[in-house]
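Asker: Mind having a look at this structure? Questions to follow.
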Amino acid sequence: MAQSPTYVILMGPPASGKGTQAERLQDVLGLSHVASGDLFRYNLKNETELGLKAKVYMDKGDLVPDDVTIAMVLDRLSREDCAKGALLDGFPRTLAQAEALEVALADSGNSINLVLNIQVPTKELISRVTGRRLCRDCGASYHIKFKRPKEEGVCDKCGGELYQRDDDTEATARRRLEVYNAQTKPLINYYSRKGSLANIDGNRPIDEVTDALKVAITAAL
Ligand code: AMP
């Protein structure tokens, strides 16, 4: 009998390291990395209707409306490369998204297996956000102090050009944190009550965070 799909959620405030850790965990878990922010940026780059709609919210540091976000992510999860499940990064970010995901998975007899919550103090997050750089081509993330590319401005993985996200300014980062505290943080309790939450201290070197995440994954899956 085929094994049922595995769904792991990576949660945490903006710049807590979700993207960086997801890149590293993808192979360990053997699951596709589904990042809602990457999906929006892909649509924006290709100037799709969805991308242009999302841009208005992204530029302000606000959340894209639930109906648009939920439809986009559920569509992504229905693709062939998610047949074994997915490592979700940046989704869900509201209670409505969490509930919609739960209902959609339950429809096919599935559920969330594990929620990894990366914790980082607020003042640390602002400096992480403003120093972050992304690859224009593959989306890999770097930091001007903590995770420098071998050659400045060039992606180690694909040679693409590194850039700073429009919403990675201090003002927008503060807004994103407010939004996180108001709308996303309540999900910690939501998943904790369901017994699927593991808290991970994200305020330490990248390798140590990866190791802690792997321990939590091994214990839970
Ligand atoms: P991220 O790359 O995860 O920091 O996301 C960048 C931006 O995309 C956010 O500030 C939101 O505007 C939007 N976004 C990403 N994921 C979601 C989501 N699950 N719900 C609503 N908006 C989102």
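Asker: Among residues belonging to the range 16-45 that are of a type in the set (A, V, I, L, M) and near the ligand (Cβ under 10 Å from one of its atoms), point out the one that is farthest from the chain's Cα centre (by Cα).
Answerer: LEU44
Asker: Mind counting the residues in the range 46-85 that are closer than 18 Å to ILE112 by Cα and either outside any helix (DSSP H, G or I) or away from the ligand (no atom under 14 Å from the Cβ) (or both)?
Answerer: Total meeting the criteria: 7.
Asker: Contact list please: Cβ distance under 9 Å, first residue in the range 74-103 and over 23 Å from GLY139 (Cβ atoms), second residue more than 10 Å from the ligand (Cβ to nearest atom) and in a strand (DSSP E or B), pairs at least six apart or on different chains.
Answerer: Correct list of pairs: ALA98/ILE9.
Asker: Given LEU197, LEU187, LEU177, LEU116, which one is of a type in the set (A, V, I, L, M), touching a Phe, Trp or Tyr at 6+ places or on another chain (Cβ under 8 Å) and either at pLDDT 95 or above or closer than 25 Å to VAL56 by Cβ (or both)?
Answerer: Only one candidate passes the filter, namely LEU197.
Asker: All but one of (1) free of Cβ contacts under 8 Å to residues at least 40 places away in the same chain; (2) surrounded by 20 or more Cβ atoms within 10 Å (Cβ to Cβ); (3) under 30 Å from LEU221 (Cβ atoms) hold for ARG133, so report the exception by its number.
Answerer: The single condition ARG133 does not satisfy is (3).
Asker: When you scan the range 147-162, how many residues do you find that are assigned to a loop (DSSP other than H, G, I, E, B) and within 16 Å of the ligand (Cβ to nearest atom)?
Answerer: Residues meeting the conditions: 0.
Asker: Still on this structure, please answer the following. Checking LEU88 against (1) near the ligand (Cβ under 8 Å from one of its atoms); (2) crowded, with 22+ Cβ neighbours inside 10 Å; (3) not charged (D, E, K, R): exactly one of these is not met. Which one?
Answerer: (1)
Asker: Which condition breaks for GLY109 when tested against (1) more than 10 Å from the ligand (Cβ to nearest atom); (2) surrounded by 16 or more Cβ atoms within 10 Å (Cβ to Cβ); (3) part of a loop (DSSP other than H, G, I, E, B)?
Answerer: (2)
Asker: Another question, if that's okay. (1) in contact (Cβ under 8 Å) with a residue 60 or more places away in the chain; (2) more than 8 Å from the ligand (Cβ to nearest atom); (3) part of a helix (DSSP H, G or I): which one isn't true of PRO13, the others all being true?
Answerer: (3)
Asker: Do the conditions hold for ALA98, that is, is it in a helix (DSSP H, G or I), under 15 Å from the mean Cα position of the chain (by Cα) and within 11 Å of the ligand (Cβ to nearest atom)?
Answerer: Answer is yes for this residue.
Asker: Scan the range 12-29 for residues that are closer than 18 Å to LYS84 by Cα and crowded, with 24+ Cβ neighbours inside 10 Å and jot them down.
Answerer: ALA22
Asker: Let me ask something else about it. What's the number of the only condition in (1) within 14 Å of the ligand (Cβ to nearest atom); (2) surrounded by 13 or more Cβ atoms within 10 Å (Cβ to Cβ); (3) farther than 16 Å from LYS60 by Cα that ARG165 fails to meet?
Answerer: Against the list (1) within 14 Å of the ligand (Cβ to nearest atom); (2) surrounded by 13 or more Cβ atoms within 10 Å (Cβ to Cβ); (3) farther than 16 Å from LYS60 by Cα, ARG165 comes up short only on (3).
The values are calculated or read from the model by the stated rules, or taken from the named source; none is laboratory data. Please read all numbers here as calculations on a predicted model, not as lab measurements. Don't worry about glycine lacking a Cβ; one is built from the backbone with ideal geometry, like all the others, and counts go over all protein chains shown.
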